[in-house]
């Protein structure tokens with residue numbers, strides 16, 4: 001009994017340490033992008049960091065790190081109501097770690113071209129934010145709002161970030177200049193794409209529909225060779241009116257390259273339709289985020 005309790009405690013410590021490590025690494029990357037590129041180039045930034053940067057440019061005496069921490073306070077009320085408690089509790093140290101990184105991580109990135117700076121900042125920030133979201137928590141701010149929209153409305157993380165930041169760009173364009181807003185737009189768009197790639201990326205599932213007279217053989221081959229479940233749906237040909245079977249299966253991106261030649265070998269005339277998925281909830285094949 002004592003051994004079991006010790007193993008559970010050890011697992012919990014490892015899990016907490018791993019997730020805090022992800023949050024820390026991601027926060028350091030994001031802070032490097034902010035202090036190394038965004039501030040020197042006077043870009044606006046994204047999310048709550050963007051709001052903090054706009055305020056900082058208007059009142060330079062107010063530090064970005066302190067502003068970010070203050071802006072997160074009302075968001076945590078929403079996080080407690082709409083997001084999982086575990087995610088919320090991990091996000092509290094996440095916001096503190098990210099604010100600390102903004103205050104202490106200052107790197108000099110020697111890129112003078114503004115377009116290249118925007119591209120690099122988007123890559124670094126997207127990578128850092130994606131790593132943070134791969135943990136069981138977040139760095140607070142827009143991350144929490146993005147998770148709420150994903151859980152309640154199935155809106156992609158990057159999409160929420162892109163739309164929200166559009167508001168910041170409009171405000172920045174009016175307060176400062178349209179040129180700075182356009183450079184920031186490049187940074188935000190690249191960052192949102194990298195976030196989607198890091199969070200879902202190659203783990204994104206594909207929903208496949210197969211229509212073929214050889215449906216039974218194809219079904220067995222998928223279950224045997226690819227080891228994925230197959231659902232047989234009853235259908236009718238719209239023109240012929242003949243009854244036929246429609247196969248439906250969900251596979252990983254990597255398995256798609258094995259599925260297509262498998263079907264083509266059995267029936268070269270088979271109709272194969274591959275659809276993107278946002279989330280898949282289920283045993284073995286599921287890829288629903290853990291928030």
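The values are calculated or read from the model by the stated rules, or taken from the named source; none is laboratory data. All values derive from a computational prediction rather than experimental measurement. Here Cβ is always computed from backbone atoms with ideal geometry, including for glycine, and neighbour counts include all displayed protein chains.
Please determine whether any residue of the stretch 10-25 is in the same structural domain as residue 186 (by TED's automatic domain parsing), closer than 22 Å to residue 185 by Cα and modelled with pLDDT of 90 or more.
no
Among the residues of the stretch 201-216, are any under 23 Å from residue 71 (Cα atoms) and either assigned to a helix (DSSP H, G or I) or at pLDDT 85 or above (or both)?
Scanning the stretch 201-216 turns up no residue that is under 23 Å from residue 71 (Cα atoms) and either assigned to a helix (DSSP H, G or I) or at pLDDT 85 or above (or both).
Tally up the residues in the stretch 197-221 that are over 11 Å from residue 247 (Cα atoms), in contact with a helix residue (DSSP H, G or I) (Cβ under 6 Å, 6 or more places away or on another chain) and surrounded by 19 or more Cβ atoms within 10 Å (Cβ to Cβ), please.
Number of matching residues: 2.
Consider the stretch 125-167. How many of its residues are buried (at least 24 other Cβ atoms within 10 Å of the Cβ) and at pLDDT 90 or above?
3
Could you say which residue among 127, 136 is within 18 Å of residue 19 (Cβ to Cβ), under 20 Å from the mean Cα position of the chain (by Cα) and not in a helix (DSSP H, G or I)?
136
Residues checked against (1) closer than 13 Å to residue 135 by Cβ; (2) out of contact with any strand residue (DSSP E or B) (no Cβ under 6 Å at 6 or more places or on another chain); (3) buried (at least 21 other Cβ atoms within 10 Å of the Cβ); (4) without any contact (Cβ under 8 Å) to a residue 40 or more places away in the chain:
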residue: 37; (1), (2), (3), (4): no, yes, yes, no
residue: 46; (1), (2), (3), (4): no, yes, yes, no
residue: 49; (1), (2), (3), (4): no, yes, yes, no
residue: 60; (1), (2), (3), (4): no, yes, no, yes
residue: 74; (1), (2), (3), (4): no, yes, no, yes
residue: 77; (1), (2), (3), (4): no, yes, no, yes
residue: 80; (1), (2), (3), (4): no, yes, no, yes
residue: 89; (1), (2), (3), (4): yes, yes, no, no
residue: 99; (1), (2), (3), (4): no, yes, yes, yes
